[in-house]
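Take a look at the structure below.
The values are calculated or read from the model by the stated rules, or taken from the named source; none is laboratory data. If you're wondering where the values come from, they're calculated on a predicted model, not measured in any experiment. So basically every Cβ, Gly included, is an ideal-geometry build from the backbone, and we count neighbours across all protein chains shown. Surface areas here come from the heavy atoms of the whole protein model, side chains and all, with no ligands, DNA or RNA. Shrake-Rupley method; radii C 1.70, N 1.55, O 1.52, S 1.80 Å.
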Amino acid sequence: MIGAVDIGGTKLAVGLVAESGKVLAKSETLTGADSNYSAGLENIARVLREMAQNARVEITGIGIGSTGPVNPLTGEFGEVDFLPHWRRQNPVQYLAKLFGVKVALENDADAGALAEAELGHQVIDPAGPPCSCGFRGCWESLAAGPAMAIWTRNQVSANDSHRTAEQICQLAREGDELARRAVEREAYYLGLGLANLINLFAPDMIVLGGSIMKSALLFLEGIRKTIGRGCRFVPHEKTELALASLGEDANLIGAARVWHHRYGEEG
Ligand SMILES: [Zn+2]
């Protein structure tokens with residue numbers, strides 16, 4: 001039974017994941033820039049112990065997937081912007097000592113759970129909105145859920161309430177004109193980024209994840225249209241677009257896979 005820890009920019013998830021990938025227990029807490037490292041790690045350890053006790057299982061390894069730069073060899077966090085107190089700390093040593101098991105740390109994108117954190121910084125439009133990476137118009141700043149929400153907000157008067165990407169998708173399903181335009185634009189930018197990947201790598205399959213893909217049916221046609229327009233020199237129709245079936249647990253399961261990849265039979 002692997003203890004899985006998924007450290008994101010705004011939340012931290014801890015869980016128990018069986019070798020089959022089944023999530024036996026899961027708990028989430030919010031994190032923020034003021035999050036204290038020692039208290040955070042103690043909390044992770046406490047939750048893992050309680051979960052193992054309740055499930056009457058023994059933790060045989062711990063996998064950690066983290067957003068942001070990490071050093072998988074030393075087990076240290078790098079310059080994690082969103083958790084400044086966690087920089088240069090080593091959760092691998094701490095948890096390995098405490099639980100007496102092997103602990104593996106990876107960047108969650110490298111872990112293969114979701115690739116959007118890396119792939120998100122391909123420039124789609126150099127005149128686009130500024131991005132945290134230093135460039136303008138990255139795929140992430142144009143096609144991620146928040147980008148869709150910002151674009152929609154900029155189209156309406158300041159008095160109108162702010163809508164999330166999820167709300168916009170719901171409105172589009174109900175036929176709202178602005179929401180439908182937002183969806184069309186979203187599908188176009190998603191398609192551009194995917195078209196770049198297909199032109200570069202001609203992969204057999206691209207797995208789409210993330211919260212925006214909960215509304216995938218709204219986007220897939222537009223995505224395919226954009227890909228078809230710009231991928232004429234590669235057999236783009238052979239690239240299957242699949243939806244991440246792991247849903248919201250994808251990162252947690254990815255964190256457990258980090259351990260199997262490093263220390264299990266796969267490793
Ligand atoms: Zn960027």
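A few comments on the model shown:
- Pairwise centroid distance, computed over Cα atoms, of segment 122-188 with segment 1-68, Å: 32
- In the chain, Cα pairs under 8 Å separated by at least six residues give a relative contact order of 19 percent.
- Of the accessible area of the chain, computed with a 1.4 Å probe over protein heavy atoms only, carbon and sulfur atoms account for 51 percent.
- Distance between the modelled labels on residue 10 and residue 56, one decimal in nanometres: 3.9 nm (7 Å Cα→Cβ projection).
- Computed [θ] at 222 nm, helices only, for the chain once each DSSP H run of length n ≥ 4 contributes -39500 (n - 2.57): -13000 deg cm²/dmol
- Counted without the sites themselves, the longest stretch of the chain free of trypsin sites (Lys or Arg not before Pro) in a DSSP loop having at most 16 other beta carbon atoms within 10 Å is 89-231.
- For the chain, projected area of the alpha-carbon convex hull averaged over all directions, nm²: 15.9
- Taken about its Cα centre, segment 1-113 carries a charge dipole of roughly 380 debye when the Cβ of each Lys and Arg holds +1 and the Cβ of each Asp and Glu holds -1.
- Beta bridges per DSSP with both ends in the chain, % antiparallel, nearest 5: 50
- Between 0 and 90 degrees, the angle of helix 37-55 with respect to the longest Cα principal axis of the chain falls at about 80 degrees.
- Per residue, the average separation of C-alpha pairs within less than 8 Å and at least 6 apart gives segment 89-236 a relative contact order of 16 percent.
- Over segment 162-267, Cα pairs under 8 Å with separation of 6+ residues give a relative contact order of 28 percent.
- Neighbour-limited loop hits for chymotrypsin sites (Phe, Trp or Tyr not before Pro), segment 144-214 (at most 15 other Cβ within 10 Å; DSSP other than H, G, I, E, B): none
- Cleavage-rule hits (GluC sites (Glu not before Pro)) in segment 1-95: DSSP loop, at most 14 neighbouring Cβ within 10 angstrom: 19, 58, 79
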